[in-house]
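Structure first, commentary second.
Just so you know, all these numbers are worked out from the coordinates, no wet-lab data involved. Source: prediction; values computed, not measured. Using ideal geometry, Cβ is built from the backbone for each residue, glycine included, and neighbour counts are taken over all protein chains shown.
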Amino acid sequence: MNQPLGQEPQFERSSFRQTCDYCGAIFEVFVSRLADADVDEDYHCPECIKHFTIAAALQPLVRLRVKRGDGKTDRYQDTMF
Ligand SMILES: [Zn+2]
């Protein structure tokens with residue numbers, strides 16, 4: 001349980017809350033950035049799976065905070081797979 005952390009780069013970690021503009025769910029996005037290593041990373045609304053992108057070094061983590069408020073169960077129809 002005592003793993004040395006020596007090689008991990010110094011990510012700049014941040015998080016923000018986002019309201020899905022499709023279904024109204026509120027979720028928190030945890031982003032790890034690294035100077036000169038940021039690319040467009042994908043993440044998805046945890047409720048309707050709508051696709052978003054953000055500049056980050058790793059794929060963002062997403063945690064649902066408030067369930068969708070539109071009363072539906074459909075998924076966002078995203079044609080950009
Ligand atoms: Zn959504």
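Once the convex hull of all Cα atoms in the stretch 12-66 is built, its volume per residue stands at 59 Å³. The label point for F30 and the one for K72, both projected 7 Å from the Cα toward the Cβ, are 3.1 nm apart. A run of the chain free of exposed loop cleavage sites, with trypsin sites (Lys or Arg not before Pro) counted only in DSSP states other than H, G, I, E and B and at most 15 other beta carbons within 10 Å, reaches its longest extent at 1-66.
A Cβ-based charge dipole, computed about the Cα centre of the chain with Lys and Arg at +1 and Asp and Glu at -1, lands at about 460 debye.
Put +1 on the Cβ of every Lys and Arg and -1 on every Asp and Glu Cβ in the chain; which of V66, T19, A35 then has its Cα farthest towards the positive end of the dipole? The listed residue farthest towards the positive side: V66.
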